[in-house]
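The values are calculated or read from the model by the stated rules, or taken from the named source; none is laboratory data. No experiment lies behind these values; they were computed from the predicted model shown. Counting neighbours? That spans all protein chains shown, and the Cβs are built from the backbone with ideal geometry, glycine included. All accessible areas refer to the heavy atoms of the entire protein, side chains included, with ligands and DNA or RNA removed. Shrake-Rupley method; radii C 1.70, N 1.55, O 1.52, S 1.80 Å.
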Amino acid sequence: MMDIRGQTHPFLHAPDKRMLIGGDWVDALSGRRFETRNPADGSLLARVPEGDQHDVDRAVRAARAAFEGPWRRFRPDERQAVMLKFADLLDAHWDELAWLDTLDMGAPIRHTRGSRRHLVGLMRFFAGQATALYGQTASTSMNGDMFAATLKEPVGVVASIIPWNGPLWAMVFKTAPVLATGCTLVLKPAEDAPLTPLRVAELALEAGVPPGVINVLTGFGRTAGAALAAHPDVDKVSFTGSVATGQDIVRASAGNLKKVSLELGGKSPHILFDDADIGQAAAAAAYGVFANAGQICTAGTRVYVQRAIHDEVVERMADIATSLRVGPGCDPDSDIGPLVSARQMERVLGYVDSALEQGARLTCGGHRYQDPERDKGHFVAPTIFTDVRDDMRIACEEIFGPVASVMPFDTLDEVVGRANDSPFGLGAGVWTRDLGRAHALARRLHAGSVWINCYNQMDPSMPFGGVKLSGYGRESGVQQLDEYLHVKGVWIQHD
Ligand code: ADP
């Protein structure tokens, strides 16, 4: 594996970046830029345009023109060919893209590199779907000869607003269904990690995606993001981020009743029964919350452990937590990188303080690192609390940091009730060797995904999303296509 420590990323040789509108690399109309920094050491990576509502207007115009223009006449097999080329380019450039993600948002290079098979596979999966978009014929009860059928048509201009915790991931998830269905896209990256989407957009152009089909507009949420969500010529918003912003977006979308899909936060339960393989279950529970320093919407932060194995699981999880290497993402030996920003670190440490004030017991972690190697970065130690009550803030609210609450339980009914007693419903994990119990929990847990004897599994063939405050709509899987398609009923009387 190439050692990238100390090297400059080729994309960052010119630190002043431009954004992509209508196939052109442009500055913001205001001329303003903002900085993006490496969360591992605070160093400046690049300056990107600060797009505002005027730039949103021109990006939406470009996306509309592309939708009504040559892109509309691309046959499905032509869209598919472009997507397969795009997938090949992503594959060929994966190390470079992963490295850029690591620099901009902090995740260890092992983590960002590791999603290659899934994400390149997802682009190829959706390339396959481009030639498999079916309507239906209906057997109506009309008199006379009536042919009645449905057509699936692209919704039009899609705005995607994405978070910082996996820009490369989000860029692939948001572009693949757009290209497969023949929509066009204006994507706004997060202000904390805008770089990888710009680089992926270069590859999209190289693959032959026509100008204006994918536009990437950098800017802040309250200006560029809000303008996109409210824009009268945007047909759909696909948002991934926090609940509060998701609610703002739903309100902003009301003007022209945009179609909206939301992938929001979670407080996922991870349930370990005493008949499980304790070693595997404890390791999954630890990685389920510490991966990406807890900055994953499916982080299994509420760990419910059946009483007989509670102490052993805590001990094993603490062993893992204290042996994980917390360091810069560019170090191939790092297991956990920094949190994305000083603001995020303060937030996470605030939750640690609240847990201590509310009487939880700190088993390990709970502090940032101040040794010379890490004092300029936002590094927080993997943290485990026990003696946590269900009503404590750390057990109810999404933390988005490496903080686990481990809580004992006695019976199945009890743990189902406690697991479901949450405003969120994104993921849920279960460890048991009892097949009947596994099936019962698969049905009874309120979650978009239930993982039994595994955690956080994802595949292009499977849908992903939430219920309750975790959002609505699905990403990945054939189910996602309908989020980007309208159904039209066509009636032909032919007698
Ligand atoms: P976080 O607080 O973790 O940054 P957000 O949900 O605020 O999560 O951010 C996710 C994305 O939403 C980012 O791209 C951000 O710029 C954008 N965003 C933030 N506020 C708004 C808003 N009011 N309208 C539209 N987009 C927004």
Item to complete: For segment 1-42 and segment 67-135, compute the distance between their C-alpha centroids and round to whole Å.
Response: 21 Å
Worksheet, complete the sentence: Measuring from the longest principal axis of the C-alpha atoms of the chain, the long axis of helix 435-444 (C-alpha) lies at a number of degrees, nearest 10, equal to 60 degrees
Discussion item. At 1.002 mPa s and 20 °C, plugging the Kirkwood radius over alpha-carbon pairs of segment 269-459 into Stokes-Einstein gives what diffusion coefficient in µm²/s?
Written reply: 129 µm²/s
Discussion item. Need the C-alpha centroid separation for segment 184-226 versus segment 417-495, integer Å.
Written reply: 28 Å
Worksheet item: Ordering T223, T184, T137 by how much accessible area each has at a 1.4 Å probe, largest first, what is the list?
Response: T137, T223, T184
Worksheet item: Between H439 and A81, what length comes free when the chain is fully extended (0.36 nm per residue of separation minus the Cα-Cα distance, one decimal in nm)?
Response: 124.8 nm
Discussion item. Rounding to the nearest 10 and keeping the result within 0 to 90°, find how far the Cα-based axis of helix 53-68 lies from the longest principal axis of the chain.
Written reply: 60 degrees
Fill in: Long pairs among K17/K258; K174/K236; K188/K259; K267/K468; K258/K488; K236/K267, criterion Cα-Cα beyond 21 Å
K17/K258; K236/K267
Discussion item. Taking the 0 to 90 degree range and rounding to the nearest ten, how far is the long axis of helix 167-181 tilted relative to the main principal axis of the chain, both from C-alpha atoms?
Written reply: 30 degrees
Practice prompt. From largest accessible area down, sort M105, M462; use a 1.4 Å probe on the protein chains.
Written response: M462, M105
Worksheet, complete the sentence: Note on segment 232-341: the mean projected area of its alpha-carbon convex hull, in nm², is 9.8 nm²
Worksheet item: Ignoring ligands and nucleic acids, what accessible area does C183 show with a 1.4 Å probe (Å², nearest 10)?
Response: 0 Å²
Worksheet item: To the nearest 10 square angstrom, what accessible area does M19 show with a 1.4 Å probe?
Response: 0 Å²
Practice prompt. Divide by every residue of the chain the summed helix terms, -39500 (n - 2.57) for each DSSP H run of at least 4, and state the resulting mean residue ellipticity at 222 nm, rounded to the nearest 500 deg cm²/dmol.
Written response: -11000 deg cm²/dmol
Worksheet item: Any idea of the accessible area per residue across the chain, 1.4 Å probe, to the nearest Å²?
Response: 40 Å²
Fill in: Inter-probe distance in nm under a simple model that places probes 7 Å from Cα toward Cβ, at S354 and Q457
3.4 nm
Worksheet item: Mind checking which aspartates and glutamates have their C-alpha under 19 Å from K152, skipping anything on the same chain fewer than 8 residues away?
Response: E68, D77, E78, D235, E475, D482, E483
Item to complete: Determine the shape class of segment 2-50: with a ≥ b ≥ c the square roots of the Cα gyration tensor eigenvalues, call it rounded for a/c under 1.5, and otherwise prolate if a/b is greater than b/c, oblate otherwise.
Response: oblate
Worksheet item: In percent, what relative contact order does segment 109-240 have, based on Cα pairs under 8 Å that are 6 or more apart in sequence?
Response: 27 percent
Worksheet item: What percent antiparallel are the DSSP beta bridges of segment 269-459, to the nearest 5?
Response: 15 percent
Fill in: Only Lys, Arg (+1) and Asp, Glu (-1) charged, at Cβ; the chain dipole about Cα centre in debye
1000 debye
Fill in: Anchor K85: aspartates and glutamates whose Cα lies under 12 Å away (excluding residues fewer than 8 positions away in-chain)
E206
Item to complete: Run through all the Cα pairs of the chain and give the fraction in each 10 Å bin from 0, expressed as whole percent.
Response: 4, 19, 28, 26, 15, 6, 1, 0, 0
Practice prompt. Report E68's accessible area, 1.4 Å probe, all protein chains in place, as a number in Å² to the nearest 10.
Written response: 100 Å²
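To the nearest µm²/s, what D does Stokes-Einstein give for segment 83-175 at 37 °C and 0.692 mPa s, using the Kirkwood radius over alpha carbon pairs as Rh?
The calculation lands on 204 µm²/s.
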Discussion item. If you take every DSSP beta bridge fully contained in the chain, what fraction is antiparallel? Give it as a percent rounded to 5.
Written reply: 40 percent
Worksheet item: On the accessible surface of the chain, probed at 1.4 Å, how many percent belong to carbon and sulfur atoms?
Response: 51 percent
Fill in: Listed residues L257, L119 arranged by accessible area, highest first, probe 1.4 Å
L257, L119
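Quote the relative contact order of the chain in percent (integer), defining contacts as alpha-carbon pairs under 8 Å separated by 6+ residues.
In percent, rounded to a whole number, it is 18.
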